[in-house]
Amino acid sequence: MTSRILLTGATGFTGQHFMRLAQSRGHQVVTLQSDLGDGQSIQQELANQAITHVVHLAGISSVDHAHESDFYKVNTVGTTVLLKALLQGQPHLKSVLIASSANVYGNCEQSPIAETQPPAPVNHYAASKLAMEHMALAYADRLPIFITRPFNYTGPGQSPSFLIPKLVDHFARRAPVIELGNLHVEREFNDVRMVCEAYLLLLEQATVGQIYNLCTGLTYNLQQVLAMLESLTGHTMEVRVNPAFVRTNEVHRLCGAPGKLIETIGPLPERPLVDCLSAILQAHG
C-alpha cells in the first residue's frame, strides 16, 4: 500500500537510507524543512499535505555532543512541538514512528534486554530520549504513536565520529596505528538497511502506544570487528588504547531481545556484519 510519509531528519544518516528505501517501494516521502522548535512553521509547511505516516528521526544522536541542554531542546521539546503540530490538520494519520534509542537502558545487567526492562539512562543523550518517549506517549490517545529503540547500527554514510566509520577510514587509508577506547565492550552492529526495512514494516504493523526494540540480539566486540576489516583489506594496524576514549559510565554490553519485533513484523532480513563493513569500505572509495 502506497503511503505519504512525513520524514524528519531526512538529511541525516538514517534519513537518507530510509528515504531511498521508501521511494524505491513506491511511497511518497515529504521531508520536513521547518525547525523542530517552530510549531507554527511546521503547521504551515504541512497544511494540505495529507500525511498518512510519520517517521521522526530528527534529533541529536551523538552522546558526546558539546552542549548538554541541546539534547533536551531538540530531542525532547522539539518532538513535543512536532506532535502538537501534527494534531492540527493531519486527519489521515495511520501511524507515527518516534525513534528513541536503546541507550535508555543504560548499564543493564540483564542481557539480552527486552522492552520490559526498566530504563536507567547514564548520559544526557539517553535521558533526553527517555523524556521524549514519555512526552510522546502522552499523545498516544490522540495520535497513532509508537516508539522504536534501535540498538547500535551502521552503514555507508555514517559520520566518522562513530566507531565503525572510524575503523573503516583507518583501514581504507592503511593507517599504521589506531587509538580506541575499551576493546572489550560488546555491541550490536546492525545494518542501517535492516533498520529502515523494519521501520517500513512497523509503520503498517505496529500497535499504537507500544515500544519496540530494534535489534538482532547479535553482538560483537572490537577485536572481532578488527579481524573482519583485516580480512577484507589485507591490512593490519597497531591498536592502542587511549584512556581519553574510555567513557565514564560506559555501557559494557548492549544486546537486545528481538522477540517482540519479530512477532510484529516477521523474520528480520539477514545482513551479516562483514557485508555491511564491505559496503562501507566501497562507499569510502
Check your understanding: Given 0.36 nm per residue, what is the gain on full extension from GLU115 to ARG4 after removing their alpha carbon distance, in nm?
Key -> 37.1 nm
Check your understanding: Distance in nm between label sites at ARG173 and ASP38, each 7 Å beyond Cα in the beta-carbon direction?
Key -> 3.7 nm
Exercise for review: For each of SER128, SER69, SER41, SER100, count neighbouring Cβ atoms within 10 Å of the residue's Cβ, then give the residues from fewest to most.
Suggested key: SER69, SER41, SER100, SER128
Check your understanding: At q = 0.15 Å⁻¹, what is the log10 ratio I(q)/I(0) for the chain, with the Debye formula run over Cα points and no solvent?
Key -> -1.18
Exercise for review: Using only Cα atoms, locate the centre of the range 212-252 and the centre of the range 102-150, then give the distance between them in Å, rounded to an integer.
Suggested key: 24 Å
Review point. Taking the Cα atoms only, what angle lies between the long axis of helix 13-24 and the longest principal axis of the chain, rounded to 10 degrees?
Key: 60 degrees
Exercise for review: For each of ARG193, ARG187, ARG240, count neighbouring Cβ atoms within 10 Å of the residue's Cβ, then give the residues from fewest to most.
Suggested key: ARG240, ARG193, ARG187
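For an R0 of 22 angstrom, estimate the FRET efficiency from the Cβ-Cβ distance between ASN48 and GLN210 and round to the nearest 0.05. Let's see the in-between values first.
Values: r = 30 Å, r/R0 = 1.38.
After rounding, the FRET efficiency stands at 0.15.
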Review point. By how many degrees, between 0 and 90 and to the nearest 10, does the Cα long axis of helix 124-137 differ from the longest principal axis of the chain?
Key: 30 degrees
Review point. Counting DSSP beta bridges in the chain, what percent are antiparallel, to the nearest 5?
Key: 5 percent
Review point. Separation between the SER161 and ASP141 pseudo-spin-labels, each 7 Å from Cα along Cα→Cβ, expressed in nm?
Key: 3.9 nm
Check your understanding: How many nm is it between the label spots at THR264 and LEU183, if each spot is 7 Å from the Cα in line with the beta carbon?
Key -> 3.8 nm
Check your understanding: Once fully extended, how much extra length lies between VAL239 and GLN88, figured as 0.36 nm per residue of separation less the alpha-carbon to alpha-carbon distance?
Key -> 49.0 nm
Practice item. Calculate I(q)/I(0) for the range 69-145 by the Debye formula, one identical point scatterer on each C-alpha and no solvent, and give its log10 at q = 0.16 Å⁻¹ to two decimals. Key: -0.63
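Just so you know, all these numbers are worked out from the coordinates, no wet-lab data involved. What you see is a predicted model, and the numbers here were worked out from it, not measured in a lab. Positions of Cβ are generated from backbone atoms using ideal geometry, with glycine treated the same way; all protein chains shown enter the neighbour counts.
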